[in-house]
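Below is one structure, written out as structure tokens, with a few remarks after it.
The values are calculated or read from the model by the stated rules, or taken from the named source; none is laboratory data. Keep in mind that this is a model prediction, so the values were computed, not measured. Don't worry about glycine lacking a Cβ; one is built from the backbone with ideal geometry, like all the others, and counts go over all protein chains shown. These area figures cover heavy atoms from the full protein model, side chains too; ligands, DNA and RNA do not enter into them. Shrake-Rupley method; radii C 1.70, N 1.55, O 1.52, S 1.80 Å.
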Amino acid sequence: MLHGIGFVTGDPTINLGYPYISHPGMQITVTEPGDSKWIYMMLPVVSGSLITDIKISYHRVGIDNRILFVRLVEQGEPISATIVHDDKLQTDLFSSGIIQTSCRVLVKKSVLLKVCIDFQNTDDMIEFGQVEIKYIPNFEEITGMRRRFLRDRDSSGTENGNNSEKEYNPTMTELLLTKLNKKNF
């Protein structure tokens with residue numbers, strides 16, 4: 001469980017209103033309208049974990065703002081990043097509610113949660129509260145996925161000088177059986 005206070009931005013046209021007695025959430029406003037206003041949150045999830053679900057509570061004030069995308073971005077080097085999950089949201093969200101997006105993202109590097117907002121009016125505001133990230137810690141270790149991945153990679157050989165790596169994605173039944181087998185020993 002995280003809080004909207006963890007959101008940051010690099011866009012100088014986005015104002016972040018930190019919580020105080022009158023409002024407990026992180027209020028987002030803009031000084032210039034635009035349809036690609038991004039806010040970011042670093043997720044404290046360790047490598048080898050599997051992110052399965054994201055929930056973000058919000059409250060919109062005004063009719064000219066929308067929450068467009070929820071993304072997960074994996075970043076190692078400072079000059080490049082990879083989108084590992086991208087969910088385009090419905091344009092007709094209620095004024096208050098919870099955005100939920102399901103995913104299957106295996107954490108390998110640092111992960112950022114990105115939210116894209118469209119503001120067509122500088123008088124509008126969006127407030128974010130709870131951010132819930134559901135994940136399975138040590139997923140690779142629990143399922144033996146790392147060993148299977150390495151075994152598949154080693155046995156596949158090389159094609160044209162490149163390793164043809166295939167990532168193994170176990171079924172839910174395999175996950176449950178693996179977990180039950182570990183409990184019995």
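Under 9 Å between Cβ atoms, at least 6 apart or on separate chains: pull out the pairs that start in the range 82-93 with a residue that is under 26 Å from residue 120 (Cα atoms) and end on any residue that is surrounded by 11 or more Cβ atoms within 10 Å (Cβ to Cβ) and of a type in the set (Gly, Ala, Ser).
87/102
For a quick check of your reading: which strands (runs of 3 or more DSSP E) sit entirely within the range 14-110 and have at least 3 residues that are open to solvent by 20 Å² or more (accessible area, probe 1.4 Å), of a type in the set (A, V, I, L, M, F, W, C) and in contact with a strand residue (DSSP E or B) (Cβ under 6 Å, 6 or more places away or on another chain)?
On the way: elements: 14-17, 26-30, 34-43, 50-61, 65-75, 81-88, 96-106.
The qualifying strands (runs of 3 or more DSSP E) are 81-88.
Out of the residues in the range 21-48 meeting the condition of being of a type in the set (D, E, K, R) and modelled with pLDDT of 95 or more, tell me which one is farthest from the chain's Cα centre (by Cα).
As a first pass, look at the range 21-48 and keep what is of a type in the set (D, E, K, R): 32, 35, 37.
With the extra rule that they be modelled with pLDDT of 95 or more, the set shrinks to 32, 37.
Numbers: 32: 26, 37: 17 Å.
Ranking the candidates gives 32 first.
Would you please list the contacts, defined by Cβ atoms under 8 Å and residues six or more apart or on different chains, that run from a residue in the range 7-20 that is modelled with pLDDT of 95 or more to a residue that is exposed (fewer than 13 other Cβ atoms within 10 Å of the Cβ) and acidic (Asp, Glu)?
Between residues of the range 7-20 that are modelled with pLDDT of 95 or more and residues that are exposed (fewer than 13 other Cβ atoms within 10 Å of the Cβ) and acidic (Asp, Glu), the close pairs are 13/32.
Here's the yes/no breakdown for (1) closer than 16 Å to residue 56 by Cβ; (2) at pLDDT 60 or above; (3) part of a helix (DSSP H, G or I); (4) open to solvent by 20 Å² or more (accessible area, probe 1.4 Å):
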position	(1), (2), (3), (4)
115	yes, yes, no, no
123	no, yes, no, yes
135	yes, yes, no, yes
146	no, no, yes, yes
149	no, no, yes, yes
153	no, no, yes, yes
168	no, no, no, yes
